[in-house]
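Peer 1: Shown below is the structure under consideration.
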Amino acid sequence: MNRILAGIICFLFISTGYISFLVHERQQELQKLTHYAASWSAAQMVSEYYRFESLLGLYTIDETMTLDDVRMRLDIMLSQSDLMKEGDLRDYIESNKAHHALALQLEKTLEYLDIHLEKMNRSELQAYLKRMQTLDPQLARLSSGALDKDINSINDANLKIKTLYYIYSATSVLLIIMSAILGVLIFYQNRNILKAHLQVKSLAEALQESKEKLQIQNTKLEYDVYHDSLTEMNNRHFFWGNLNETIEIAVKTNNSVNVMLFDLDRFKEVNDTYGHDVGDMLLRQISHRLISMGLTSDTLYRLGGDEFAFLSSGLTESSAVSQAQKICNIISQPYTINNTIINITTSVGIVVSDTERRSDYLYKFADLALYEAKKEGAGKIKVFRQWMLDKLQESRTLEHDMALALVNKEFVVYYQPIVDSFSQEIYSYEALIRWIHPQKGLLSPDSFIPVAEKTGMINEMGKSVLEMACREAASWVIPTKISVNVSPVQLSSKTFATMVLSILNETGLPAERLELEVTESSLFTESNTPMNTLNRLRALGVKISLDDFGTGYSSISRLSRLAFDKIKIDKSFVHSISTQEDALNIIRLITGMAKSLNMKSVAEGVETQEQLESLQLLGCDFIQGYLFGKPQPYIDGKIRYG
């Protein structure tokens, strides 16, 4: 408190000094005013005018004087007359109509001389000089008026300074009184210090107690930072810290670093089927099993979701795989939760490295191995290999090339006919995208569509294909229908329908000639956007075809949600139609179901006459495959099939 009071007193004295500073500044401004006021400018200008008149008069009577002397004095006068157009003198002149008129008259007089001086003889200049002398009284009044104005301004400034001094004196007295009051307050404040000391002592004891509680809470928080709240296993933060420590030890001992990543297979199905509470209980039971294996507690981690990790050093590849297999075996044992038996497996990615010492790279390598394991199927174990990284880098290169390809318009459309299975007349063409790569040549969609969907470039790519196909189809002499494949990523966009209608309007292709081919997996999702989009397009005349039917979770109840125009039978069934009875029965079932739902059936991948005859017997409506033509480009207004 004493410091606060002393600070206030110091502030008051500083304020007094600041007022003195303001007074000094005001005096400085007044001095500037006396040196650079309007009266000074006016006097200078009028004086120069008189001098110019005198010189001009002398020139008219003195033959020895040259015109250059007059011109130099005129130029000086012209520069002086510019003072009337700036600063305080300009404001003063513009505030008085008579002075303003004088300034205009003076300007015209000088401008006339500036233009005609060299052309005028001495007698003409003598006559013009009399005209100039009529301005002398007015210029004198201008100078004296400016002087009066500045004197009044100086008097006003002096009066303000005097008032400021009075204010300063009153403020100084007030500050002295306040300083005295504050001194008395400081004296009485000292009497309260003893009481405050006792209170501080009591507070110190309370703070000590709070400190002990905070230490306990900090210990718990520190534990929570590095441990998973659900399973109480080490978490991702702990994993990265231990991974760096493991690398440091491995460098000193010249050992390998082993990183294993475990990802539960179909864990999402457990959550969707039994609920997230059961999923949480399953994760806890899995963590208890892992801990019960007797592995060091610092080596097991839950990284998040259904992903776990095991960290060690000095293991060979075979021993690391053996350890991973043990973990897989114990995880795959059945679980009983709420009287329900749940079976689950795990996929494992392993990296064993004697040379790599970068933690982020080791994790990436293990993650790449895990990705390959999950691609191969449930319960698989994969060890990182260099080709996995090469594959990733190739994918990134492909992404870069694909972005350039969109800019350079390297994607083209090939067309494959869809024919009537009985008359064998062309019913429509399916538009198939191809990539003319500058180095790799012609690429099929299987090599780049997955990457395009993952990166989101499929939206621009799909729009380009649809636009090219519609524009070319609109120019065909025979108005055959055109089929275009649509990615699930495109269907998830709420603007897809608007984009399709815009392309139809721009190209002039009737909506009835366009058929969009979609997969079942792109429709039956949690979002209603794909269904709403297709229903809107179908209402406007666009045909909808269900592609690759029979390879997913197809059902009649799902088909009834959207009235498809066609069902396309996957080529895997067509290829097996002559060798597998099951394939024959599946096609028979699909064609019969299509007829009962008033839909047409299309068989893909027909390559032999035997397959064609079998499909005709089964009542398949349309055929597509190499038997009738491979995909070909549209060149010179034609699609040629050899």
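Peer 1: Cross-link candidates for Lys600: which lysines have Cα within less than 16 Å, leaving aside residues fewer than 8 places away along the same chain?
Peer 2: Excluding near neighbours in sequence, the set is Lys481, Lys543, Lys566, Lys568.
Peer 1: Kindly work out what percent of the DSSP beta bridges joining two residues of the range 301-414 are antiparallel, to the nearest 5.
Peer 2: Working: 6 of 9 bridges.
If I count the DSSP bridges inside the range 301-414, around 65 percent turn out antiparallel.
Peer 1: Can you order the peptides 577-588, 593-604 by their average number of other Cβ atoms within 10 Å per residue, highest first?
Peer 2: Numbers: 577-588: 14.9, 593-604: 18.7.
Peptide ranking by packing, descending: 593-604, 577-588.
Peer 1: With θ taken as phi - 60° and the coefficients 6.51, -1.76 and 1.60, list the Karplus ³J(HN,Hα) couplings across the range 512-518 in order, rounded to whole Hz; mark glycine and proline as x.
Peer 2: Per-residue couplings from phi come out as 5, 8, 9, 10, 9, 9, 10 Hz.
Peer 1: Taking only the Cα atoms of the range 58-154, how large is their convex hull per residue, in Å³? All intermediate terms of the calculation are to be shown ahead of the outcome.
Peer 2: Values: hull volume 10.3 nm³, N = 97.
Convex hull volume per residue, Cα atoms: 106 Å³.
Peer 1: May I pose another question? Compute the acute angle (0 to 90°) between the alpha-carbon long axis of helix 359-376 and the principal axis of greatest extent of the alpha-carbon atoms of the chain; round to the nearest 10°.
Peer 2: 40 degrees
Peer 1: Let me ask something else about it. Taking Cα atoms, how many degrees apart are the long axis of helix 136-225 and the longest axis of the chain, rounded to 10 and kept between 0 and 90?
Peer 2: 40 degrees
Peer 1: Taking amide H positions as placed in the peptide plane 1.01 Å from N, state which residues far from Ile567 in sequence (5 or more) or on other chains have amide H under 5 Å from it.
Peer 2: Here the answer is Leu546, Lys600, Ser601, Val602, since their amide H atoms fall under 5 Å of that of Ile567.
Peer 1: Could you tally up the Lys pairs in the range 236-384 with alpha carbons closer than 19 Å? Skip any pair fewer than 8 positions apart unless they're on separate chains.
Peer 2: Total qualifying Lys-Lys pairs in the range 236-384 comes to 11.
Peer 1: Starting from the Cα coordinates of the chain, work out the convex hull volume and express it per residue in Å³.
Peer 2: On the way: hull volume 279.4 nm³, N = 642.
Dividing the Cα hull volume of the chain by its residue count gives 435 Å³.
Peer 1: Please report Rg over Rh for the range 404-485, where both radii come from the alpha carbon positions and Rh follows the Kirkwood definition.
Peer 2: On the way: Rg = 14.2 Å, Rh = 13.8 Å.
So for the range 404-485, dividing Rg by the Kirkwood Rh gives 1.03.
Peer 1: What are the GluC sites (Glu not before Pro) within the range 53-135 that DSSP puts in a loop, where the Cβ has at most 11 other Cβ atoms within 10 Å?
Peer 2: Numbers: sites: Glu53, Glu63, Glu86, Glu94, Glu107, Glu111, Glu118, Glu124; in loops: Glu63, Glu86.
Counting only loop positions with at most 11 other Cβ atoms within 10 Å, the GluC sites (Glu not before Pro) in the range 53-135 are Glu63, Glu86.
Peer 1: Nearest 10 degrees, 0 to 90: what angle lies between the long axis of helix 122-133 and the longest principal axis of the chain (Cα atoms)?
Peer 2: 90 degrees
Peer 1: Mind listing the phi-derived Karplus ³J(HN,Hα) values for the range 575-585, rounded to whole Hz, using 6.51, -1.76 and 1.60 with θ = phi - 60°, and x for any glycine or proline?
Peer 2: Rounded to whole hertz, the list is 5, 9, 5, 8, 10, 10, 5, 4, 4, 4, 5.
Peer 1: Starting from the 7 Å offset along Cα-to-Cβ, what nm value, one decimal, do you get for the label separation of Met293 and Asn254?
Peer 2: 3.0 nm
Peer 1: Which far-off residues, 5 or more places away or on another chain, put their amide H under 5 Å from the one on Met120, with H placed in the peptide plane?
Peer 2: none
Peer 1: For the range 485-546, which trypsin sites (Lys or Arg not before Pro) are in a loop by DSSP, counting at most 15 other Cβ atoms within 10 Å? Let's see the in-between values first.
Peer 2: Working: sites: Lys494, Arg513, Arg536, Arg538, Lys543; in loops: Lys494.
Those satisfying the criteria are Lys494.
Peer 1: Right, here's the next one. Taking other Cβ within 10 Å of each residue's Cβ, how do His288, His99 sort, fewest first?
Peer 2: Working: His288 12, His99 21.
Fewest-to-most ranking of His288, His99: His288, His99.
Peer 1: Work out from phi, with θ = phi - 60° and the Karplus expression 6.51 cos²θ - 1.76 cosθ + 1.60, the ³J(HN,Hα) of each residue of the range 242-259, listed in order in whole Hz, and give x for Gly and Pro.
Peer 2: Per-residue couplings from phi come out as 5, 4, 5, 5, 4, 5, 4, 5, 5, 5, 5, 9, 6, 9, 7, 10, 10, 10 Hz.
Peer 1: Do the sum for the chain: with -39,500 (n - 2.57) for every DSSP H run of n ≥ 4, divided by all residues, what is the mean residue ellipticity at 222 nm, to the nearest 500 deg cm²/dmol? Don't jump to the answer; show the numbers that get you there.
Peer 2: Numbers: 22 runs with 387 residues, N = 642.
-20500 deg cm²/dmol, from helical runs alone.
Peer 1: Which of the trypsin sites (Lys or Arg not before Pro) found in the range 409-474 are loop residues per DSSP with 16 or fewer other Cβ atoms within 10 Å of their Cβ? Mind dumping the intermediate values first?
Peer 2: Numbers: sites: Lys409, Arg434, Lys440, Lys454, Lys463, Arg471; in loops: Lys409, Lys440.
Passing sites in the range 409-474 are Lys409, Lys440.
Peer 1: Report, in whole Å, the centroid distance computed from the Cα atoms of the range 566-630 and the range 194-210.
Peer 2: The distance from the Cα centre of the range 566-630 to that of the range 194-210 comes to 90 Å.
Peer 1: About its Cα centre, what dipole magnitude does the chain give when the only charges are +1 on Lys and Arg Cβ and -1 on Asp and Glu Cβ, stated in debye to the nearest 20?
Peer 2: Working: 65 positive and 79 negative charges, 291 e Å.
Using Cβ point charges on Lys, Arg, Asp and Glu, the chain gives about 1400 debye.
Peer 1: Oh, and also: Treating only the Cβ of Lys, Arg, Asp and Glu as charged (+1, +1, -1, -1), what charge dipole size does the range 58-154 show about its Cα centre? Round to the nearest 20 debye. Intermediate results must be reported in sequence, preceding the final value.
Peer 2: Details: 12 positive and 18 negative charges, 81 e Å.
For the range 58-154, the charge dipole is close to 380 debye.
Peer 1: Which lysines have a Cα less than 29 Å from the Cα of Lys149, not counting those fewer than 8 places away in the same chain?
Peer 2: Here the lysines satisfying the reach criterion relative to Lys149 are Lys32, Lys85, Lys97, Lys108, Lys160, Lys162.
Peer 1: Sticking with this structure for a sec: List the residues of the range 54-92 whose backbone N lies under 20 Å from a point placed 7 Å from the Cα of Glu118 along the Cα-to-Cβ direction.
Peer 2: Hits in the range 54-92 for Glu118 at 20 Å: 56, 59-60, 65-79.
Where a number appears in this text, it was derived from the coordinates with a stated rule and is not lab data. These numbers were taken from a predicted model, which means no experiment stands behind them. Using ideal geometry, Cβ is built from the backbone for each residue, glycine included, and neighbour counts are taken over all protein chains shown.
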